[in-house]
Every structure is written in structure tokens, then in C-alpha cells.
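The values are calculated or read from the model by the stated rules, or taken from the named source; none is laboratory data. The structure presented is a predicted model; accordingly, all values stated were derived computationally and were not measured. FYI the Cβ positions are ideal-geometry reconstructions off the backbone, even for glycines, and counts take in every protein chain you see. Surface areas here come from the heavy atoms of the whole protein model, side chains and all, with no ligands, DNA or RNA. Shrake-Rupley method; radii C 1.70, N 1.55, O 1.52, S 1.80 Å.
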Amino acid sequence: MKQWIDKLRKEQHLSKEEYRELLTFFDKETLAYANKQAQEVSLSQFGNRIYIRGLIEISNYCRNNCYYCGIRKGNPLAVRYRLSSEEIMECCAQGYALGFRTFVLQGGEDPAMTDEKTEQLVATIRKNYPDCAITLSLGEKSYEAYERLFKAGANRYLLRHETYDFAHYAQLHPKELSGEHRIQCLRNLKAIGYQTGTGMMVGSPGQTIDHLIADLCFIEEFRPEMIGMGPFIPHHDTPFADSPAGSVDLTLLLLSIFRLMHPKALIPATTALATLGNDGRIRGILAGANVVMPNLSPSTTRQKYELYNNKASLGAEAAEGLVLLQQQLDTIGYQISFDRGDFID
Ligand code: SF4
């Protein structure tokens, strides 16, 4: 198995059959070897520095009904909130004072957050924080809307493709949403000039090794600047409430594969990894991740942005926990980087 990891490190590419063998037959030893190779590549690209992004969850209203998501519109038990522009600017101010130089505005597809309002918000942040990167994670929009937000000052956009197999996509989403449209959105974002992030849930209901191979091949071709992945975690008020969570080990193997495939990509140790285990974030960094996204949202709304059960948002997950985060990083010889941390080819 190690020969495929060595080959991937050398050539940044494997055949479908080689990926299949790796994903199907890996064991603890193979995983440790892949993680070590990926960590070496990450260290050679970024040193022992981990970029931080300040996450602001601006609204948990959503027009969509994705079957796995706790804030889907069909969940009457979700307690809804929407931050005002003033509250969002306050989060930015606090984040800036703490040293953050990237703000990530994330939210459901909230009909009340019109393109005009979002454009104004982005322009205000851009004017007040000219030295910061603005990342949006606000779902599917028209080409024109993405372009307006880019011109208003947004630099990066996160839109996970979730699964590249369109039949599998249809198992996870209602019929109004399609895998084809999702991928078109991603291509539009890249064409406009965004640093674009994508990725998938690992272990989502119905996912097979073939689906994951399709995801790997898509990401190999698409070359996103950012790759975000976490294990699937069920939410108690969704149709997938009883589905088992995804495997942390498989997530860590895929993370390392992506690091070896795209040495310069920005890859977060995600909140979902941190949620499934206290050491999830550290394991992510040791597997090749180089980004963490602490939460800058007001503490009163954090618990309401519950995409899946028991989402981590306190402790080292919170912005005030930067000291705690640095203490965790100290144990593995890493440091927080307060740089803006753009993708550099
Ligand atoms: S996954 Fe995103 S688009 Fe789907 S219901 Fe949840 S917030 Fe809305």
C-alpha cells in the first residue's frame, strides 16, 4: 500500500484502481504512513504555522431542505436567528483585535439576505478592513450575484460539492437541488476569480468507495484552492438521525491524500473532526491540514447554528480560546499564524 502513497507524493496523481486499493485496504500502519508523508509536505510548504480564519455564522435560516442538515427549512425545532449588520461588524471588530485577518461569513441560503444586502455587507467589511480576506460560504447563487459580491470585495468562496456522484447527490438532497448545478456554481466561482473551496462529507448515507474515487478525481481536475472535509455527523432532527457517523480514520486518510495531491492547497482541520474527538483537530494537522477556523459568532447564537449533533463551538473552537488553541499546537510544535494566508501558486 505504501507504494501508492509514495507515488502520490511524487506524481500528485493515482489511477482510479490505485485509489480504490488504498481506500479499501488501508490499515492503521498505512494511515500513519500517509499522515506522516502529508505532514512532511505541509511542513515543507507552510512551515509549522497554522492559519486561522474567523468564522461568523450570520444566519441559520435556509430555503433548502438538505436531508442531513440540522438547519434545513423542514426542521421546525431549529431556533432561528439572523445577525444584524451591526452584530456582524462587531464580530469583525473583535476578531480583528484578536489578530484575525480572514473573516468567513457562513450561513444558510437565507431569503432575507438578498444579494443587495450581502453586497452592502461585503463592501462595508472591505472598506473597514482593507487588509483582510473576506471568505463567503453562503450557498448557491447566480453567476451575476457571485460576480457582484466579488466586485464588492469578497476574495474566497467555500461551497462543498458534497458528492460528485449525481445519483448519490439526489439521495442526500431534495429534487430542487442537483449535483450538476452545484458543480456549475463551483466552475462559475473559479471563472470569476475567487479562491474557491470545495470538499465533501466522509461517510454520508449511501456513500461508497466509488463515490469517493469520483470525488478524488473531481478535486484532482478542479484544483480548488481550499479543500474542506469532515466526517458525516448525524443531526437528531433530520431524516438521517439514525445513520452512523463517518469514520475519522477514513477522513484523515483522505485529508492526507488531498495534501499529497495538492501540496499548496489550504486544508482546514474541520470542526466536524474536532467534534468527533478531542484530539481531532491535532490529528488533522498531523495529517497535513494547515488551517483552523475558530468561531467568532456571538456566543448566544453559536449553539443555534447546529448543523449536526453536538457541534464543537466552545473551548479551543471559540475565538476567545486562541490561547487554548496555541497550547494545543505547542504540544506538537506548531504555532498560530496571524497572516492573511492566501493561496499562493
Ligand atoms: S446544508 Fe446548507 S443549503 Fe442545505 S439545508 Fe443546510 S444550510 Fe441549507
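Things to note:
- Among (1) part of a helix (DSSP H, G or I); (2) among the aliphatic types (A, V, I, L, M); (3) in contact with a strand residue (DSSP E or B) (Cβ under 7 Å, 6 or more places away or on another chain), the one test that A123 misses: (3)
- Within the set G246, G333, G284, G288, the sole residue that is among the small types (G, A, S) and not in a loop (DSSP other than H, G, I, E, B) turns out to be G284.
- Residue match in the range 249-257 (condition: under 19 Å from the mean Cα position of the chain (by Cα) and open to solvent by 20 Å² or more (accessible area, probe 1.4 Å)): yes
- Whichever residue in the range 237-248 is touching a residue at least 24 places away in the same chain (Cβ under 8 Å) and over 21 Å from L23 (Cβ atoms) and, among such residues, is most open to solvent (accessible area, probe 1.4 Å): P239
- Residue within the range 85-97 that is open to solvent by less than 40 Å² (accessible area, probe 1.4 Å), farther than 28 Å from D131 by Cα and touching a residue at least 60 places away in the same chain (Cβ under 8 Å) present: no
- Residues (within 22 Å of F103 (Cβ to Cβ) and charged (D, E, K, R)) located in the range 277-296: R281
- Leading residue by the ranking (most open to solvent (accessible area, probe 1.4 Å)) among those in the range 108-120 that are in a helix (DSSP H, G or I) and more than 16 Å from the ligand (Cβ to nearest atom): Q120
- The residues of the range 149-167 that are surrounded by fewer than 19 Cβ atoms within 10 Å (Cβ to Cβ) and of a type in the set (K, R), listed by number, are K151, R160.
- Within the option set L43, L77, L105, being open to solvent by 10 Å² or more (accessible area, probe 1.4 Å) and under 30 Å from I336 (Cβ atoms) holds for one residue only, L43.
- Some residue of the range 315-323 being open to solvent by 10 Å² or more (accessible area, probe 1.4 Å) and under 30 Å from E221 (Cβ atoms): no
- Residues in the range 283-305 that are touching a residue at least 24 places away in the same chain (Cβ under 8 Å) and open to solvent by 30 Å² or more (accessible area, probe 1.4 Å): R283, L286, M293, P298, K304.
- 1 or more residues farther than 30 Å from L252 by Cβ: qualifying helices (runs of 4 or more DSSP H) within the range 131-226: 143-152, 179-192
- Restricted to the range 55-103, and to residues there that are of a type in the set (A, V, I, L, M, F, W, C) and assigned to a helix (DSSP H, G or I), the residue that is farthest from the ligand (Cβ to nearest atom) is A97.
- Counting only residues that are open to solvent by 20 Å² or more (accessible area, probe 1.4 Å) and either closer than 18 Å to A272 by Cα or out of contact with any Asp or Glu (no Cβ under 9 Å at 6 or more places or on another chain) (or both), the range 207-225 holds 6 of them.
- Being within 16 Å of the ligand (Cβ to nearest atom) and touching a strand residue (DSSP E or B) at 6+ places or on another chain (Cβ under 6 Å) is a property that A272 has.
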